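J.: Could you have a look at this structure, given as structure tokens, before my questions?
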Amino acid sequence: MDEQQEQGTAAGPLAGFTVGVTAARRADELIALLRRRGAAVVHGPALRIVPLADDTDLLAATKELIGHAPDVVIATTAIGFRGWVEAAEGWGCGQELLAVLRDVELLARGPKVKGAVRAAGLTESWSPGSESMAEVLDLLLAEGVAGRRIAIQLHGEPLPGFVEALTAGGAEVVGVPVYRWMPPEDIGPLDRLLDAVLSGSLDAVTFTSAPAAVSLLSRAGERGVRAELVAALRHDVLAVCVGPVTALALQAEGVDTYQPERFRLGPLVQLLCTELPARSRALPVAGHRVEVRGHAVLVDGALRPVPPAGMALLGLLARRPGWVVSRADLLRALPGAGRDEHAVETAMARLRAALGTPKLIQTVVKRGYRLALDPAADAKYGD
């Protein structure tokens, strides 16, 4: 476990699970939410954001709009809109930009954006209750866009069909790139996260922007492991996205993604708190409730961290609870154990010590080991 991964101490809903975070912006907030619920976290920023004041593309777009005012401006994110106004002020053209925005039809996608618009001393013309860009598009097309000049604040993520629909309707669309995504300057953390996905060390990976998903796939391609990454996300590692646009690149690879109903960090974490424990089976073993998770075990609700070798053994035993598993089969499950079955005995002793309840695993003389399953408790604990 490297310095970017930390074991959660509380036996919360995510205790025993390891979650990858690809975010750059608001990563600290997401990591804090995950750790507060007991998760271990591997952080590998998949991108970095070019500061607004240094972005020549935004400066050029701002000057163009000041010189040739649009009919409509669409503000899509609160942080982007605030940053745009602040950057314009830094360039000495803040008042000119605000004057333009006061005289146009200003559409704000959602309450946070509306708050940023009003904080700048402006008033939005309209804001959809759904926070959906589809509703914004429906409004514009219903109004008629032929011959209208429409500026849209871009925020690094694709808007499938949005610009094309406006253009097809006869509008002139001007993109305002409020920030740009770039590859991370230090690729090491992203490579470590990618390695963790490929090795099965992660239970889930979170994506809070479409460029982050694209960046992870691209980096895997550069390293020649894109097919392996996609296979892991299809079968073993949960891919959780903040919204449907973020999920597009992964879905194009045949990856089933999970998204919360509300496109926010809090609901994303709550979704993980539901989905990851649902993947773990609670077993009645020797009078205890045992739940095998990614890198730890819950015994009667108490978190028991287990070394990787022990997790490999326990995972095999848990797949056939109550059945005897031979030392030869357990040896094959041990990473790098070679051919000496004594390695199984050593790893088993450490596993029992980590569990704190030795009787959970029984030794069957000359045959192997078994989880001491209590079938009579099935009705109490369930699957």
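The values are calculated or read from the model by the stated rules, or taken from the named source; none is laboratory data. Just so you know, these numbers come straight off a predicted model, no measurement behind them. Cβ sites come from the backbone with ideal geometry, for glycine too, and all protein chains shown count toward neighbours. For the accessible areas, the whole protein counts, side chains as well, though only heavy atoms, and no ligand, DNA or RNA atoms are used. Shrake-Rupley method; radii C 1.70, N 1.55, O 1.52, S 1.80 Å.
J.: Counting only protein heavy atoms and using a 1.4 Å probe, what share of the accessible area of region 224-321 belongs to carbon plus sulfur, as a whole percent?
T.: On the way: 2180 of 4230 Å².
Percent of accessible area from carbon and sulfur atoms in region 224-321: 51.
J.: Considering the options ALA252, VAL117, TRP181, tell which one lies farthest towards the positive end of the dipole of the chain, charges being +1 on Lys and Arg and -1 on Asp and Glu at the Cβ, about the Cα centre.
T.: Value computed over the given set: ALA252.
J.: Moving on. In deg cm²/dmol, rounded to 500, what helix-only [θ] at 222 nm does the chain give when every DSSP H run of at least 4 residues adds -39500 (n - 2.57) and the total is split over its residues?
T.: Numbers: 16 runs with 165 residues, N = 383.
Taken over the chain, the calculation gives -13000 deg cm²/dmol.
J.: Comparing ARG36, ARG350, ARG234, which has the greatest mean-square fluctuation in the GNM of the chain with Cα pairs linked when under 10 Å apart?
T.: Looking only at ARG36, ARG350, ARG234, the biggest GNM fluctuation is shown by ARG350.
J.: Let me ask something else. Quick one: 3J(HN,Hα) in Hz for region 32-45, Karplus 6.51/-1.76/1.60 with θ = phi - 60°, rounded, Gly and Pro as x.
T.: Each residue's phi maps through the Karplus curve to give 4, 4, 5, 5, 4, 9, x, 6, 8, 10, 10, 9, x, x Hz.
J.: Using only Cα atoms, figure out Rg for region 262-383 and give it as a multiple of 2.2 N^0.38 Å.
T.: Numbers: Rg = 15.7 Å, N = 122, 2.2 N^0.38 = 13.7 Å.
Taking the Cα Rg and dividing by 2.2 N^0.38 Å, one obtains 1.15.
J.: Taking the 0 to 90 degree range and rounding to the nearest ten, how far is the long axis of helix 265-278 tilted relative to the main principal axis of the chain, both from C-alpha atoms?
T.: Relative to the chain, helix 265-278 is tipped by roughly 20 degrees.
J.: Hand me the GluC sites (Glu not before Pro) from region 109-193 located in a DSSP loop with no more than 10 other Cβ atoms within 10 Å, in residue order please. Numbers along the way, then the final one.
T.: Numbers: sites: GLU124, GLU131, GLU135, GLU143, GLU164, GLU172, GLU185; in loops: GLU124, GLU131, GLU185.
Passing both the DSSP loop test and the Cβ count: GLU185.
J.: Let me ask something additional. What ³J(HN,Hα) values, in whole Hz, does the Karplus curve 6.51 cos²θ - 1.76 cosθ + 1.60 give for region 175-189 when θ = phi - 60°, with x put for Gly and Pro?
T.: x, 10, x, 5, 7, 10, 8, 9, x, x, 5, 9, 7, x, x
J.: Enumerate the amide H contacts of VAL174 below 5 Å, restricted to partners 5 or more residues apart or on another chain; note that Pro and chain-start residues carry no placed amide H.
T.: ILE150, ALA151, ILE152
J.: In addition: Between ARG293, ARG223, ARG35, which gets the highest mean-square fluctuation from a Gaussian network model of the chain, Cα cutoff 10 Å?
T.: Comparing ARG293, ARG223, ARG35 in a Gaussian network model of the chain, the most mobile one is ARG223.
J.: Leaving out ligands and nucleic acids, note down the accessible area per residue over region 222-353 with a 1.4 angstrom probe, in whole Å². Spell out each step's value before the answer.
T.: Details: 6390 Å² over 132 residues.
Accessible surface, normalised per residue, equals 48 Å².
J.: With +1 on each Lys and Arg Cβ and -1 on each Asp and Glu Cβ, how big is the dipole of the chain about its Cα centre, in debye rounded to the nearest 20? Please report the intermediate quantities before stating the final value.
T.: Working: 40 positive and 44 negative charges, 410 e Å.
My answer is approximately 1960 debye.
J.: Now, a different point. Please determine, in degrees from 0 to 90 and to the nearest 10, the orientation of helix 342-355 with respect to the longest principal axis defined by the Cα atoms of the chain, where the helix direction is its Cα long axis.
T.: Helix 342-355 and the main axis of the chain meet at about 70 degrees.
J.: Compute the distance from the alpha-carbon center of region 292-311 to that of region 209-278, in whole Å.
T.: Result: 25 Å between the Cα centres.
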